[in-house]
1. Looking only at the stretch 66-75, decide whether some residue is assigned to a helix (DSSP H, G or I) and in contact (Cβ under 8 Å) with a residue 24 or more places away in the chain.
2. Any residue that is over 14 Å from TYR108 (Cα atoms), in contact with a Phe, Trp or Tyr (Cβ under 7 Å, 6 or more places away or on another chain), surrounded by 15 or more Cβ atoms within 10 Å (Cβ to Cβ) and of a type outside the set (Ser, Thr, Tyr) - is there at least one of those in the stretch 54-72?
3. Read through the list (1) touching a Leu at 6+ places or on another chain (Cβ under 8 Å); (2) modelled with pLDDT under 95; (3) surrounded by fewer than 13 Cβ atoms within 10 Å (Cβ to Cβ), then give the number of the only condition that PHE44 fails.
4. Condition first: among the basic types (Lys, Arg) and either surrounded by 14 or more Cβ atoms within 10 Å (Cβ to Cβ) or assigned to a loop (DSSP other than H, G, I, E, B) (or both). Now tell me which residues in the stretch 86-100 satisfy that.
5. Can you name the condition, by its number, that VAL68 falls short on among (1) modelled with pLDDT of 95 or more; (2) over 10 Å from the mean Cα position of the chain (by Cα); (3) closer than 30 Å to LYS8 by Cβ?
6. Within the stretch 101-119, how many residues turn out to be outside any helix (DSSP H, G or I) and either in contact (Cβ under 8 Å) with a residue 60 or more places away in the chain or of a type in the set (Lys, Arg) (or both)?
7. Could you tell me whether the stretch 20-31 includes any residue that is of a type in the set (Gly, Ala, Ser), assigned to a loop (DSSP other than H, G, I, E, B) and either surrounded by 18 or more Cβ atoms within 10 Å (Cβ to Cβ) or touching a residue at least 24 places away in the same chain (Cβ under 8 Å) (or both)?
8. Given the conditions (1) over 15 Å from the mean Cα position of the chain (by Cα); (2) more than 23 Å from ILE114 (Cα to Cα); (3) modelled with pLDDT of 95 or more, and given that ARG60 satisfies all but one, which numbered condition is not satisfied?
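The values are calculated or read from the model by the stated rules, or taken from the named source; none is laboratory data. This one's a predicted model, so the numbers in the text were calculated from it and none came from an experiment. A quick note on method: Cβ atoms are made from the backbone with ideal geometry, for glycine too, and the neighbour counts reach across all protein chains shown.
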Amino acid sequence: MRLNDLPKIMIISLLCTILIEVLVAIILGIRNKKDLLNVVLVNFMTNPLVVSLPVYIMVRVGLNARYVATIVLEILTVIAEGIVYKKYFKFDKINSFVISFILNFSSYFIGKIINYLIY
């Protein structure tokens, strides 16, 4: 991977993440348009960092550091998104941090499967 590929990767990752997380949110029973919009907006906030920082770290430090960075960033993302969902979601049938974990887990592993199938 080259740093020149990063903008394309970031756009594709953001769009796929939004699509997957909105679909999973709907499956979980979230139907309020403002809640679904929050899922979209929170990903605009977190996804670029979670995608770009590990790539940058991999290029500068190495592959193992990328894995550590990805794990740390994913944990921080679940926490940050959980806080946003707790504050702004109308949906309260599932804990906001559980929702954040399920959405991020889904988008991460579905993304891994898609990458495996394509590359």
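1. Of all residues in the stretch 66-75, those assigned to a helix (DSSP H, G or I) come to 66-75.
Of the ones still in play, those that are also in contact (Cβ under 8 Å) with a residue 24 or more places away in the chain are 73-74.
Scanning the stretch 66-75 turns up at least one residue that is assigned to a helix (DSSP H, G or I) and in contact (Cβ under 8 Å) with a residue 24 or more places away in the chain.
2. Checked against the condition, which is being over 14 Å from TYR108 (Cα atoms), in contact with a Phe, Trp or Tyr (Cβ under 7 Å, 6 or more places away or on another chain), surrounded by 15 or more Cβ atoms within 10 Å (Cβ to Cβ) and of a type outside the set (Ser, Thr, Tyr), the stretch 54-72 yields no hits at all.
3. Looking at each condition in turn, PHE44 falls short on (2).
4. LYS86, LYS90, LYS93
5. (1)
6. First pass over the stretch 101-119, keeping only residues outside any helix (DSSP H, G or I): 119.
So of that shortlist, the ones also either in contact (Cβ under 8 Å) with a residue 60 or more places away in the chain or of a type in the set (Lys, Arg) (or both) come out as none.
Residues meeting the conditions: 0.
7. First pass over the stretch 20-31, keeping only residues of a type in the set (Gly, Ala, Ser): 25, 29.
Next cut, assigned to a loop (DSSP other than H, G, I, E, B) only: 29.
So of that shortlist, the ones also either surrounded by 18 or more Cβ atoms within 10 Å (Cβ to Cβ) or touching a residue at least 24 places away in the same chain (Cβ under 8 Å) (or both) come out as 29.
Yes, the stretch 20-31 contains a residue that is of a type in the set (Gly, Ala, Ser), assigned to a loop (DSSP other than H, G, I, E, B) and either surrounded by 18 or more Cβ atoms within 10 Å (Cβ to Cβ) or touching a residue at least 24 places away in the same chain (Cβ under 8 Å) (or both).
8. Of the numbered conditions (1) over 15 Å from the mean Cα position of the chain (by Cα); (2) more than 23 Å from ILE114 (Cα to Cα); (3) modelled with pLDDT of 95 or more, the odd one out for ARG60 is (3).
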